[in-house]
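> Here it is, the structure in full.
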Amino acid sequence: MERTLVIVKPDGVQRGLIGPVVSKLESRGLKIVAMKMIRIDRDLAERHYGIHRGKAFFEPLVAYITSSPVVVAVFEGNNAVQVVRNTMGATNPADAAPGTIRGDYALEIGRNIIHGSDSTENAQKEVDLFFQADELMSYERAVDPWVFE
Ligand code: IDP
Ligand code: MG
């Protein structure tokens, strides 16, 4: 089973979309194994988005992600990384397919509601960046045999 990091970004929290965003992933069958609301500070933002340092949108991106509380969560399931990325939709919401989170709830690339890890390697790093080992739950759901064959 794969795990991936999801962030409901400040615009998602401010717009009252925590529920719809989480619901879309949860109802897909993915299992929530960790979840909390935090305020990302500049240090954490720079570490999380370090790969984008130097790009024109880096400073606005850091300002955006630190501007208000976020909900960070870890979702588990087979192919969780790819499934979350597909359910999120394209980075630019203008290109995101209807039915995806960004395609349904966002209009601009700098206000695109959700973060999801882009590879299993980065997922591991991001989960470790945001969560302590004892915050990650391992548990069975009664519904699991109806989701996983
Ligand atoms: P992703 O979130 O789909 O993985 P990345 O390319 O990793 O997209 O970019 C990280 C975040 O940086 C995006 O979700 C978006 O919030 C912001 N971003 C990316 N490119 C731009 C841009 O060209 N202008 C403004 N913000 C951008
Ligand atoms: Mg990314």
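> For the stretch 41-86, what is the charge dipole size about the Cα centre, in debye to the nearest 20, if Lys and Arg each add +1 at the Cβ and Asp and Glu each add -1 at the Cβ?
So the dipole magnitude of the stretch 41-86 works out to roughly 160 debye.
> Return the sequence-ordered ³J(HN,Hα) values of the stretch 92-109 in whole Hz as given by the Karplus equation 6.51 cos²θ - 1.76 cosθ + 1.60 applied to θ = phi - 60°, using x for Gly and Pro.
8, x, 5, 9, 6, 5, x, x, 7, 4, 5, x, 9, 10, 9, 10, 10, 5
> Right, something else. Which longest run of the chain has no exposed loop site in it, a site being chymotrypsin sites (Phe, Trp or Tyr not before Pro) in a DSSP loop with at most 15 other beta carbons within 10 Å, and the site itself not part of the run?
58-138
> What nm value, rounded to one decimal, do you get for the distance between D134 and D41 when each label is placed 7 Å out toward the C-beta?
Once both label points are built, they end up 2.1 nm from each other.
> Which ³J(HN,Hα) values, rounded to whole Hz and listed in residue order, are derived for the stretch 136-149 from phi using the Karplus coefficients 6.51, -1.76 and 1.60 in 6.51 cos²θ - 1.76 cosθ + 1.60 with θ = phi - 60°, glycine and proline given as x?
My calculation for the stretch 136-149 gives 9, 9, 10, 7, 9, 9, 4, 7, 3, x, 8, 10, 10, 6 Hz in order.
> Which value, in debye to the nearest 20, describes the size of the charge dipole of the chain about its Cα centre when Lys and Arg Cβ atoms bear +1, Asp and Glu Cβ atoms bear -1, and nothing else is charged?
400
> For S117, enumerate residues with amide H under 5 Å from its amide H, sequence gap 5+ or separate chain, H modeled in the peptide plane.
Counting only residues 5 or more places away or on other chains, the set is L5.
> If you count only protein heavy atoms with a 1.4 Å probe, what accessible area per residue comes out for the chain, rounded to a whole Å²?
For the chain, the solvent-accessible area averages 54 Å² per residue.
> Turning to a different aspect of this structure: Got a number for carbon plus sulfur as a percent of the chain's accessible area, 1.4 Å probe?
51
> So, one more: Loop only by DSSP, 15 or fewer other Cβ within 10 Å of the Cβ. Give me the trypsin sites (Lys or Arg not before Pro) in the stretch 54-143 that pass, ordered by residue number.
Answer by residue number: K55, R141.
> Have a look at P98, N78, F131 and report the one farthest towards the positive end of the charge dipole of the stretch 64-149, computed about the Cα centre with Cβ charges (Lys/Arg +1, Asp/Glu -1).
The Cα lying farthest towards the positive end belongs to P98.
> Which far-off residues, 5 or more places away or on another chain, put their amide H under 5 Å from the one on R15, with H placed in the peptide plane?
Residues meeting the criterion, in which the H sits 1.01 Å from N, do not exist here.
> Which residues does a label at I109 reach in the stretch 50-83, if reach means a backbone N under 20 Å from a point 7 Å past the Cα toward the Cβ?
50-66
> Further question: How long is the gain from I32 to M1 if the chain were fully straight, where each residue apart is worth 0.36 nm and the alpha carbon distance is subtracted?
Gain on extension, I32 to M1, equals 9.9 nm.
> With every protein chain left in place, what is the accessible area of M1 in Å² (1.4 Å probe, nearest 10)?
Counting only protein heavy atoms, M1 exposes about 140 Å² to solvent.
> Across the stretch 13-70, what fraction of all alpha-carbon pairs, as a whole percent, falls in each successive 5 Å bin from zero upward?
In order of increasing distance, the bins hold 4, 16, 20, 18, 18, 16, 7, 1 percent.
> Evaluate the distance, in nm, between pseudo-label points positioned 7 Å from the Cα of A94 and of Q14 along their respective Cα→Cβ axes.
Reported label-point gap for A94 and Q14 is 2.1 nm.
> Semi-axes of the equivalent ellipsoid for the chain, please: Cα gyration tensor eigenvalues, times 5, square-rooted, ordered largest first, whole Å.
Here the semi-axes work out to 24, 18, 14 Å.
The values are calculated or read from the model by the stated rules, or taken from the named source; none is laboratory data. In this text the structure is predicted, and so the values were computed from the model without any measurement. Neighbour counts are summed over all protein chains in view; Cβ atoms, including those assigned to glycine, are modelled from backbone coordinates with ideal geometry. Areas reflect the complete protein model, heavy atoms only, side chains present, ligands, DNA and RNA absent. Shrake-Rupley method; radii C 1.70, N 1.55, O 1.52, S 1.80 Å.
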